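Readers should treat all values here as calculations from the given coordinates under stated rules, not as data from a laboratory. Nothing here was measured: the structure is a model prediction, and the numbers come from that model. Please note: Cβ atoms are built from the backbone with ideal geometry, for glycine as well, and neighbour counts cover all protein chains shown.
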Amino acid sequence: GPSNSQEAVKWFYRAAFAGHVRAQYSLALCLHQGRGVECNPVKAAKWYLRAAEGGSTRAMYNTALCYLSGEGITRNYQEARKWMKRAALAGHKKAQFEHGLTLFA
């Protein structure tokens with residue numbers, strides 16, 4: 001039968017489609033890492049963005065990273081900066097550092 005992680009992903013999907021922000025972030029993480037589901041950077045980026053729009057600080061940071069690297073989404077430095085700043089303002093420590101660095105550039 002399905003593994004626990006596959007079962008978890010199934011429930012993350014349900015909650016994610018119902019608008020549960022933490023489930024959207026968790027689902028994105030699974031899709032990004034290939035845990036319980038086939039690795040899919042495009043879907044991962046999509047769900048990171050949905051969760052970021054829903055207010056998930058960690059998703060904001062990961063969305064910024066996706067836009068920076070062009071992983072699963074078209075590279076866009078303006079969007080990357082926007083999400084990095086939002087994550088920083090929301091209190092994400094790594095994002096605060098990264099955002100600080102861009103201000104020197």
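Once segment 1-41 is narrowed to residues that are aromatic (Phe, Trp, Tyr) and without any contact (Cβ under 8 Å) to a residue 24 or more places away in the chain, the residue that is farthest from residue 65 (Cα to Cα) is 11. Checking 45, 95, 105 one by one, the residue that is touching a Phe, Trp or Tyr at 6+ places or on another chain (Cβ under 6 Å) and not polar (S, T, N, Q) is 95 and no other. Number of residues in segment 1-28 that are in contact with a helix residue (DSSP H, G or I) (Cβ under 8 Å, 6 or more places away or on another chain) and either under 19 Å from residue 80 (Cβ atoms) or hydroxyl-bearing (Ser, Thr, Tyr) (or both) equals 5. Which of the residues belonging to segment 28-46 are in a loop (DSSP other than H, G, I, E, B) and either charged (D, E, K, R) or within 10 Å of the chain's Cα centre (by Cα) (or both)? Matches in segment 28-46: 35, 38. Within segment 33-58, the set of residues being farther than 18 Å from residue 92 by Cα and surrounded by 22 or more Cβ atoms within 10 Å (Cβ to Cβ) comprises 44, 45, 47. How many of the residues making up segment 56-91 are outside any helix (DSSP H, G or I) and either among the aromatic types (Phe, Trp, Tyr) or farther than 22 Å from residue 31 by Cα (or both)? Number satisfying all stated conditions: 2.
For segment 59-85, the set of residues classified as of a type outside the set (A, V, I, L, M, F, W, C), buried (at least 22 other Cβ atoms within 10 Å of the Cβ) and more than 12 Å from residue 95 (Cβ to Cβ) consists of 67 only.
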